[in-house]
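Visitor: Sharing a structure below in structure tokens format, with a few things to ask.
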Amino acid sequence: MRKLFIAAFMFVSIFGTKVMADIKMGIILGFTGPIESLTPAMAASAELAFKEASDSGSLLGGKKIEPVRADSTCVDSAAATAAAEGLISQGVAAIMGADCSGVTGAIASNVAVPNGVVMISPSATSPGLTTLDDKGFFFRTAPSDARGGQILADITKDRNVKSVAITYTNNDYGKGLADVYKAAAEAHGVKVTGVTAHEDGKADYTSEVATLVAAGGDALVVIGYLDQGGKGIIQTALDSGGFDTFILSDGMIGDSLTENFGEALSKSFGSIPGSTGKGAGVFADVAKAAGIDSSGPYTGESYDAAALIVLAMQAGNSDDRASIAKNVMKVANEPGTKIYPGELKKGLDLLAKGQNINYEGATGVTFTSVGEAEGSFLEKEIKTMFNTVKQR
């Protein structure tokens, strides 16, 4: 009798543990590498959404999410792929990430899509990802550089810059954005004096800057990463006196840049995906209450990417990978009740009742037919820190 009782107890314990087991969720970002100063706040923002859903008690009848972090490095596709394979082996239901375009494409093509795992990137912006053969498993809450390059060129024209030299980090992100920006700037009548690629991780950028200075221009467009080559290019340009005005891509915008250069960048400006709408203000308050600085790049997009995953699970009443993929678009767009940051319980409860939601989130989420954000952009300028001028 005692043995029967113990066996029954073990069965109930094991069965109960299985039913209420945590749902593992991958977060893969460049915790080391050229944007490592940006990723802590991005990861924390995603984890905030996962925690909000877990604490609500409404996710799939009370299930919890266990976030599992992995390092994309941002630049090493082999290392990023191996890290993603590690997440898959742990049984993650979906992946929030990756970040930089090259590693994102590699992970999607080599790991996520073949294994039927949804990826929602908060910051991969290469136009090439629009046509990725993703079988419906890849989404991004950041808009494509096809629009971002146009916006940056519009700002350049509006600020009466007549000529620019361009340098870009030599990868998918840098080359794609540089091509779009150059064409758009020239269409506005801005003269492009020269275009020079740079490699990240070098100790000396004297040669690249000498070429750019020789080309000349009213400003230097730096399309790169603020903790790597882009920073080195600016330092060398300032030291040489070749340029004192810099036009900055999204990967160059962050506090570590202004902390390094301060007032030396007072003539500089750039753009980054973002919004000044209702959701952005709500997210700032929600993030602040959780001790997260939401002013950095892609924090809202990271929260939104995580939120869409949990809402898609609820919409399909399952943490099955295929079900998540099927329902992301359903919760991202109209019709339905608008859901903002801090309202995930409301969204989960409505979905549990079979009602539609339209997740607006921190960034005014609306997906195109291929699952990428239409997006808006923030024009940024530097006084001593980055300040938002307006939404574009």
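Visitor: Rounded to two decimal places and with Rh computed the Kirkwood way over Cα pairs, what is Rg over Rh for the range 211-348? Walk me through the intermediate numbers first.
Guide: Numbers: Rg = 20.3 Å, Rh = 17.8 Å.
Here the Rg-to-Rh quotient is 1.14.
Visitor: Looking at the chain, send over the antiparallel percent of its DSSP beta bridges, to the nearest 5.
Guide: Of those bridges, close to 25 percent are antiparallel.
Visitor: If you take every residue apart from Thr141 with its C-beta less than 10 Å away from the C-beta of Thr141, what net charge results, scoring Lys and Arg +1 and Asp and Glu -1?
Guide: Numbers: positive: Arg140; negative: Glu301, Asp304, Glu372.
Result for the local shell: -2.
Visitor: For the Cα atoms of the chain, what angle does the longest principal axis make with the long axis of helix 77-89, in degrees from 0 to 90, nearest 10?
Guide: 10 degrees
Visitor: To the nearest µm²/s, what D does Stokes-Einstein give for the chain at 37 °C and 0.692 mPa s, using the Kirkwood radius over alpha carbon pairs as Rh?
Guide: Translational D for this selection: 153 µm²/s.
Visitor: Round to the nearest 10 and give me the degree value, 0 to 90, for the angle of helix 299-316's Cα axis relative to the longest principal axis of the chain.
Guide: 30 degrees
Visitor: Next question, about the same structure. Say each of Lys267 and Gln355 gets a label point 7 Å from the Cα, pointing the same way as Cα to Cβ; how far apart are those two points in nm?
Guide: 5.6 nm
Visitor: Once the piece of chain linking Lys326 and Thr384 is laid out straight, how much longer is it, given 0.36 nm per residue of separation minus the C-alpha distance between them? List each step's numbers first, then the result.
Guide: Numbers: separation 58, 0.36 × 58 = 20.88 nm, distance 4.56 nm.
The Lys326-Thr384 span can extend by a further 16.3 nm.
Visitor: If you don't mind, another one. Under 5 Å between amide hydrogens, which residues at least 5 positions from Val389 or on another chain qualify, with H placed 1.01 Å from N in the peptide plane?
Guide: Glu379, Lys380, Glu381
Visitor: Can you tell me the length gained on complete extension of the stretch Thr211 to Gln391, counting 0.36 nm per residue apart and subtracting the Cα distance? Walk me through the numbers before you get to the answer.
Guide: Details: separation 180, 0.36 × 180 = 64.80 nm, distance 3.41 nm.
Extra length from Thr211 to Gln391 when fully extended: 61.4 nm.
Visitor: Please give the length that would be gained between Ser256 and Gln90 if that part of the chain were fully extended, namely 0.36 nm times their separation in residues minus their C-alpha to C-alpha distance (nm, one decimal). Show your work: numbers first, answer last.
Guide: Details: separation 166, 0.36 × 166 = 59.76 nm, distance 3.38 nm.
Separation in residues times 0.36 nm, less the Cα-Cα distance, equals 56.4 nm.
Visitor: For the Cα atoms of the chain, what angle does the longest principal axis make with the long axis of helix 229-240, in degrees from 0 to 90, nearest 10?
Guide: Around 20 degrees separate the two axes.
Visitor: For the pair Thr276 and Thr366, what calculated FRET efficiency results from E = 1/(1 + (r/R0)^6), where r is the Cβ-Cβ distance and R0 = 22 Å, to the nearest 0.05? The partial results should precede the final answer.
Guide: Details: r = 16 Å, r/R0 = 0.73.
My answer for the efficiency is 0.85.
Visitor: Given axes a ≥ b ≥ c from the Cα gyration tensor, I'd like to know whether the range 116-212 is rounded (a/c under 1.5), prolate (a/b larger than b/c) or oblate. All intermediate terms of the calculation are to be shown ahead of the outcome.
Guide: On the way: a/c = 2.98, a/b = 1.50, b/c = 1.99.
It is oblate, given that a/c is not under 1.5 and a/b is not larger than b/c.
Bear in mind that the values in this text are calculations on the coordinates, not laboratory data. Just so we're clear, the structure is a prediction, and the values are computed from it rather than from any experiment. FYI the Cβ positions are ideal-geometry reconstructions off the backbone, even for glycines, and counts take in every protein chain you see.
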